[in-house]
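Novice: Starting off with a structure, shown below.
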Amino acid sequence: MLGLLYLLWIFIIGYYLMLKFTPWFDYATLGSQQADKPRVPIWMMQLPFAWILGALVVNWINFFLCNTTRHISTTLFTMTVAGTAAVWIVLSERKKTDSVFFANLRSLWQGTGKAEWIYLLIALALAAYTNLYTLADDGKELLISWGVHSDFAPHISLIRSFSVGENFPPQYPHFAAGDIPYHFLFHFLVASLESLGMPLNWSFNLPSILSVTSLLLLVYVLALRITGWKSVAYWAMLFIFFRSSWAFFEFAQNYSLSQLPEAIMETDFYVGKTANARWGMWTLFNTFGNQRHLAFGICAAFIAVLLMLPQLEAKILASKAENRPFVWRVEHTQRAVFIGIFLGAIAFWNGAALIAALLLLAGLAFNSRHRIEYIIIAVIAIILASIQSSWFVAAGKTPISPHLAFGFLSEPKTVGGAASYIFHAYGLLIPLFIASLFYWRKYAALGLAFVMPFLFAFSVQPTIEVALNHKFVLVSQFLMGIFVAWMLIDIWRNKAKYWRLAVIPAFALLTITGTVDTAAFHNINNIAAGHRFGISATNPVTTWVMRNTPPRSIFLTNLTSIDPVLYAGRLSYMGWPYYGWSAGYDTSGREQDVRLIYGAGSKADLEKALKDKPIDYILVNNAVRDATNYVINEALIAETYPLVFEDPYEDTKIYQVRKAP
């Protein structure tokens, strides 16, 4: 109940602040100067905006307070203050005869027809299915489906390090090193909800459902705002979940036509022969199910685009050329400052989304009025991101180190190799998008802005893991789908009949791989069929660790993804190497430390290996004993350090290296 109230306060505060700080934006028209285009019901932009803005503000305040008190229980105080603020907003606005707050609420649902209600129901269904299907609780265990288990290991560890640990100042649980180069604030929001009594699965699922639903609503708003056609919004949403690719035909060639339907229904892997396709990185059910914080960040990027879109539209639709001073001058300093702060605040919610937002705005700026405002936005956002980085990341390190790297995941890294990769991975989407730029020449400038993250992904590598660039590609794909659907629907409506013959197969080719993807996602993540990983808060190891070790304790364990120690909110000296490596840590050095400690030949060697290491406890279980990269000297560890816990579960023993302060 308290968690639901917390979310309600977030919405009320976000709605109030949205109206307070954006008086320059006309929500009734979304800034459109074209009277012939249908109006978008304002709730479809305002409710997602209120959610994102309210969550940013309230969660940041709560983090400051919890980080100061060094305990998540401060969330209850934050919720009380937020609730007081929300009630004050409602009561004070109610007294005003000219309340903008209530005027907007009264007109919130005006203009909403069947198309919008049906779209909302579909969006909610897709968001709920994606999230509820991959994370559940049977009353005994938290159930994580197979398809999301790998990504959830660092996510769940982060959440629990806040909700049942005292991870303040925050450290990365899989590589305790005194800092955190990973964007963690969405996970802190989840931890806050859990600390208020909401079960972990709902604490994670509800914000995720709200974020995916908000993203799909913003796609509707963008589609209708640009094209004026509701059908484009529906097709754009379909293109998000049913991707364009030739992978379907690579899969289908292994079966006869009669075998194909059954083969699709039973598929338990993501199809495609391009690099990392088997990860499911282009399957949006899988991406949203795994990376719960991504949709939230993309929402912020799309909101920024919508707020600045009128400036581009006014320029490209102007009846005559505009002089240079007019194009560059600042119209609303408040607008630039607000959007800059708004985007800067998402840096440690999802850093890729911030970069994507700045790329989209840079694309808009090339053909927009008031270009200095875009510069102000970028400068403020980058300064705020840099301040956060200096706060959360150790001196001398940076969460991003961009450098030119052509080709993304293509092999070879040549123009031909990249073209081949693009053609095989994205099918008809890119050729049809290019065609749509010529088809809608007047809006080509907007289309080119939408492609900026895609171009960035194939030319720059901002982090150590190039595969993470797929997030930039996805942002562009969402927006390219609007242009492609717009062109195909216009051809169907307005061109000769023989042109229509090409539209139906084009739509089919753009979505057919999604049928296999959807079946694969459903089968891989079928928790009811046992395709899950379960972890219990009543596990004897978890229970003992939570009750008997300091909340910020650091454990030496096997190279694990998620285990009872991490679920107890404690930190690992060296968890699964990929998580630390992809966050920018030097994992090879710590892997050597693990070998030297577990495999020490003498007491002197063991004490030397542990010297100056922030390790409080050594865990020994069957996974440690079965490791292939060292031979554990368990007897030596037992002789050197006191045994403080022993349990038949995985034949677990815990030795205390140093006494708790």
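Novice: What single numbered condition from (1) under 29 Å from Thr333 (Cβ atoms); (2) open to solvent by less than 50 Å² (accessible area, probe 1.4 Å); (3) modelled with pLDDT of 95 or more; (4) not acidic (Asp, Glu) fails to hold for Phe11?
Specialist: Tallying (1) under 29 Å from Thr333 (Cβ atoms); (2) open to solvent by less than 50 Å² (accessible area, probe 1.4 Å); (3) modelled with pLDDT of 95 or more; (4) not acidic (Asp, Glu), Phe11 fails exactly one: (2).
Novice: I would also like to ask the following. Looking at Ala449, is it surrounded by fewer than 16 Cβ atoms within 10 Å (Cβ to Cβ) and under 23 Å from the mean Cα position of the chain (by Cα)?
Specialist: Considered against the rule, which asks whether it is surrounded by fewer than 16 Cβ atoms within 10 Å (Cβ to Cβ) and under 23 Å from the mean Cα position of the chain (by Cα), Ala449 comes out as no.
Novice: Report yes if some residue within the range 566-578 is at positive phi, free of Cβ contacts under 8 Å to residues at least 60 places away in the same chain and not polar (S, T, N, Q); otherwise report no.
Specialist: No, every residue in the range 566-578 fails to be at positive phi, free of Cβ contacts under 8 Å to residues at least 60 places away in the same chain and not polar (S, T, N, Q).
Novice: A further question on this structure: Would you pick out the residues in the range 333-346 that are in a loop (DSSP other than H, G, I, E, B) and either open to solvent by 10 Å² or more (accessible area, probe 1.4 Å) or farther than 22 Å from Phe478 by Cα (or both)?
Specialist: Ala345 - this is the single residue of the range 333-346 that is in a loop (DSSP other than H, G, I, E, B) and either open to solvent by 10 Å² or more (accessible area, probe 1.4 Å) or farther than 22 Å from Phe478 by Cα (or both).
Novice: In addition: Consider only pairs whose beta carbons are under 7 Å apart and that are at least six residues apart or on different chains; among these, list those whose first residue lies in the range 394-413 and is outside any loop (DSSP other than H, G, I, E, B) and whose second residue is not β-branched (Val, Ile, Thr).
Specialist: Partner pairs satisfying both residue conditions: His403/Gln461; Leu404/Ser459.
Novice: Only one of these conditions is not met by Pro550: (1) open to solvent by 20 Å² or more (accessible area, probe 1.4 Å); (2) free of Cβ contacts under 8 Å to residues at least 60 places away in the same chain. Which number is it?
Specialist: All conditions pass for Pro550, except number (2).
Novice: Oh, and also: I'd like the full set of residues that are more than 38 Å from the chain's Cα centre (by Cα), outside any strand (DSSP E or B) and not aliphatic (A, V, I, L, M), limited to the range 624-657.
Specialist: Asn633, Glu634, Glu639, Thr640, Tyr641, Pro642, Pro648
Novice: Sticking with this one: Within the range 510-623, considering only strands (runs of 3 or more DSSP E) that don't extend past its boundaries, which have at least 2 residues that are under 29 Å from the mean Cα position of the chain (by Cα) and under 30 Å from Phe242 (Cα atoms)?
Specialist: Answer list for the range 510-623: 532-535.
Novice: Now for a different question. All but one of (1) open to solvent by 30 Å² or more (accessible area, probe 1.4 Å); (2) modelled with pLDDT of 95 or more; (3) not basic (Lys, Arg) hold for Phe302; state the number of the condition that does not hold.
Specialist: Condition not satisfied by Phe302: (1).
Novice: When you go through (1) assigned to a helix (DSSP H, G or I); (2) more than 25 Å from Asn205 (Cα to Cα); (3) not aromatic (Phe, Trp, Tyr) one by one for Val40, which number turns out not to apply?
Specialist: With (1) assigned to a helix (DSSP H, G or I); (2) more than 25 Å from Asn205 (Cα to Cα); (3) not aromatic (Phe, Trp, Tyr) applied to Val40, the lone miss is (1).
Novice: Where in the range 188-299 are there helices (runs of 4 or more DSSP H), lying fully within it, with 1 or more residues that are over 25 Å from the mean Cα position of the chain (by Cα)?
Specialist: 200-227, 230-241, 247-252, 260-265
Novice: For Leu409, indicate whether it is closer than 21 Å to Ser582 by Cβ, among the aliphatic types (A, V, I, L, M) and open to solvent by less than 40 Å² (accessible area, probe 1.4 Å).
Specialist: yes
Novice: What's the number of the condition Ser73 fails, among (1) farther than 27 Å from Leu30 by Cα; (2) touching a helix residue (DSSP H, G or I) at 6+ places or on another chain (Cβ under 7 Å); (3) surrounded by 15 or more Cβ atoms within 10 Å (Cβ to Cβ)?
Specialist: Against the list (1) farther than 27 Å from Leu30 by Cα; (2) touching a helix residue (DSSP H, G or I) at 6+ places or on another chain (Cβ under 7 Å); (3) surrounded by 15 or more Cβ atoms within 10 Å (Cβ to Cβ), Ser73 comes up short only on (3).
Novice: Just the residues that are open to solvent by 40 Å² or more (accessible area, probe 1.4 Å) and not in a helix (DSSP H, G or I), please, taken from the range 362-393.
Specialist: Selection gives Phe366, Asn367, Arg369.
Novice: Separate question: Do we have any residue at all in the range 576-591 that's farther than 15 Å from Tyr172 by Cα, small (Gly, Ala, Ser) and at pLDDT 95 or above?
Specialist: no
Novice: Within the range 416-475, count every residue that is more than 20 Å from Phe288 (Cβ to Cβ), assigned to a helix (DSSP H, G or I) and either of a type in the set (D, E, K, R) or touching a strand residue (DSSP E or B) at 6+ places or on another chain (Cβ under 9 Å) (or both).
Specialist: 2
The values are calculated or read from the model by the stated rules, or taken from the named source; none is laboratory data. Since the structure is predicted, the reported quantities are computational estimates derived from the model, not experimental observations. Please note: Cβ atoms are built from the backbone with ideal geometry, for glycine as well, and neighbour counts cover all protein chains shown. Keep in mind that these areas ignore ligands, DNA and RNA; they rest on the heavy atoms of the full protein, side chains included. Shrake-Rupley method; radii C 1.70, N 1.55, O 1.52, S 1.80 Å.
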